[in-house]
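The values are calculated or read from the model by the stated rules, or taken from the named source; none is laboratory data. Keep in mind that this is a model prediction, so the values were computed, not measured. Please note: Cβ atoms are built from the backbone with ideal geometry, for glycine as well, and neighbour counts cover all protein chains shown.
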Amino acid sequence: MFSSLIFRSLISRLIIAGAIILISFPIGVLVYLRTLDPPPLATVQNMTPLIDRVAGHDITLHVGSEQFIIKKGEIYGWTEPYTRNYTGGKDLRFNGLVDNFITDLSKKMSRDPVDAKFVINNGIVLIITPSKNGQELNIISSADKLRQGVLANQIDITLDFNIVEPGITVEKIKSFGINNRLAVGESDFTGSSLARIQNIKVASKTYNGLIIQPKETFSFNALLGDVVASTGYAPEKVIKDGKIQYEYGGGVCQVSTTLFRAAIMAGLPIVERRPHSFPVHYYYPQGFDATIYPGSSDLKFTNDTPGPILIQTHIENKKIIFEVYGKSDGRNVTMNGPYQYDIQPDGSMKAYFTRIISFSNGASTSKTFNSIYKSPNLYTTEPNPYQ
């Protein structure tokens, strides 16, 4: 009797378990099959209505403190029609003119940093031009921001730009340790025309407050800039192509000559120097001059002192004066000459001078600078085409 009850109970449990399995099986299959369904297709938003929407008003671009306006409807010029491959639908897309616009904008708003300039007066450092940060547009990120902002119907879009710090700041000046006047050079331009005096004054300002770092090689032409009417220069006589011609900037060699004299007396290594083709009375004594002409003749010297050097210029009456300030390493400079010889009746001559540098460790160097001048009679003067 007891065994019969156990048997019937076992049979009941197996029937219930089987029913549960039969019911669960299709449900499990359905759940599994559901996981194999493909994901829904992404919705692709057409650009045409977005462009139409934003083109109805001006867009203001913000770059730092500056603003630039994109006029209503202008963005249509940055799009082009195309057909979608997967649907065949007609739509618009951005063309390359967005990048061109950002590149042009970068040219308008980019600013070069301004180095601080200073002079030394009675041992006191005076700032004559404070430093100023520059800026440049980040073209790639700005182009992306402009596209995204247009599609989001933004009327104010802020673009990315980078701050460009100047090389010479007031803080750096204070750390230079400039405390000595290393040398002075001067020349006399008495008898110069008003145009020549103007050119001397304009060019000399370019080098006033100039900082030359240790081991840096200075190039006169690299800093001179454009010698044209718009930069303040006037036409005057220059020696060019075996003739005396009128060009903008005639007389700038008075500036290069004076700086050459200062560099010589400061004991700086002269990398490049060329005398004039014939003796010029403005550069007395002959043999102590340096001609320059962009593209052919340059004045170069290297700062081999222990610290940065400062170039200071000023004009007193009819004299131009260059002063070199820096940190003295105890060197002493002496100069023999210049001496003129082989002087001919036609004005041609030769000249030389020797510079001796004595260093604090007892070492010394000596170098002779030679000059060969042709006769001025070989150079005819052409008419002034600017009159």
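Quick grid of which residues meet (1) over 19 Å from SER360 (Cβ atoms); (2) of a type in the set (Phe, Trp, Tyr); (3) in the same structural domain as ALA195 (by TED's automatic domain parsing):
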site: VAL271; (1), (2), (3): yes, no, yes
site: VAL280; (1), (2), (3): yes, no, yes
site: GLY295; (1), (2), (3): yes, no, yes
site: PHE322; (1), (2), (3): yes, yes, yes
site: ASP329; (1), (2), (3): no, no, yes
site: VAL333; (1), (2), (3): no, no, yes
site: SER348; (1), (2), (3): yes, no, yes
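Yes/no matrix, rows are residues, columns are (1) part of a loop (DSSP other than H, G, I, E, B); (2) in contact with a Pro (Cβ under 6 Å, 6 or more places away or on another chain); (3) more than 19 Å from THR206 (Cβ to Cβ):
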position: VAL227; (1), (2), (3): yes, no, no
position: TYR246; (1), (2), (3): no, yes, yes
position: HIS276; (1), (2), (3): yes, no, yes
position: PRO285; (1), (2), (3): yes, yes, yes
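For THR258, the stated conditions hold: it is closer than 30 Å to MET349 by Cα, among the polar types (S, T, N, Q), out of contact with any Pro (no Cβ under 9 Å at 6 or more places or on another chain) and not in a loop (DSSP other than H, G, I, E, B). Being under 28 Å from the mean Cα position of the chain (by Cα), free of Cβ contacts under 8 Å to residues at least 24 places away in the same chain and on the phi < 0 side of the Ramachandran plot is not true of LEU210. Taken over the range 91-110, the criterion of being in contact (Cβ under 8 Å) with a residue 40 or more places away in the chain and either outside any helix (DSSP H, G or I) or among the acidic types (Asp, Glu) (or both) is satisfied by ASP91, LEU92, ARG93, PHE94, ASP99. Could you tell me whether the range 328-335 includes any residue that is without any contact (Cβ under 8 Å) to a residue 40 or more places away in the chain, farther than 27 Å from ILE211 by Cβ and either in contact with a Phe, Trp or Tyr (Cβ under 7 Å, 6 or more places away or on another chain) or of a type in the set (Asp, Glu) (or both)? The answer is no, given that none of the residues of the range 328-335 is without any contact (Cβ under 8 Å) to a residue 40 or more places away in the chain, farther than 27 Å from ILE211 by Cβ and either in contact with a Phe, Trp or Tyr (Cβ under 7 Å, 6 or more places away or on another chain) or of a type in the set (Asp, Glu) (or both).
Screening VAL98 with (1) modelled with pLDDT under 85; (2) more than 28 Å from SER65 (Cβ to Cβ) gives one miss only, at (2). Please work out which residue is surrounded by the fewest Cβ atoms within 10 Å (Cβ to Cβ), limiting yourself to the range 225-276 and to residues that are farther than 15 Å from GLY295 by Cβ and aromatic (Phe, Trp, Tyr). For the range 225-276, the residue satisfying everything is TYR246. Is the range 288-308 home to any residue that is part of a helix (DSSP H, G or I), in contact with a Gly (Cβ under 9 Å, 6 or more places away or on another chain) and modelled with pLDDT of 95 or more? Within the range 288-308, none of the residues are part of a helix (DSSP H, G or I), in contact with a Gly (Cβ under 9 Å, 6 or more places away or on another chain) and modelled with pLDDT of 95 or more. Selection within the range 161-200: residues that are β-branched (Val, Ile, Thr) and modelled with pLDDT under 95. The member of this set that is nearest to the chain's Cα centre (by Cα) is VAL164.
For the range 103-110, the criterion of being closer than 30 Å to PRO308 by Cβ and surrounded by 14 or more Cβ atoms within 10 Å (Cβ to Cβ) is met by at least one residue.
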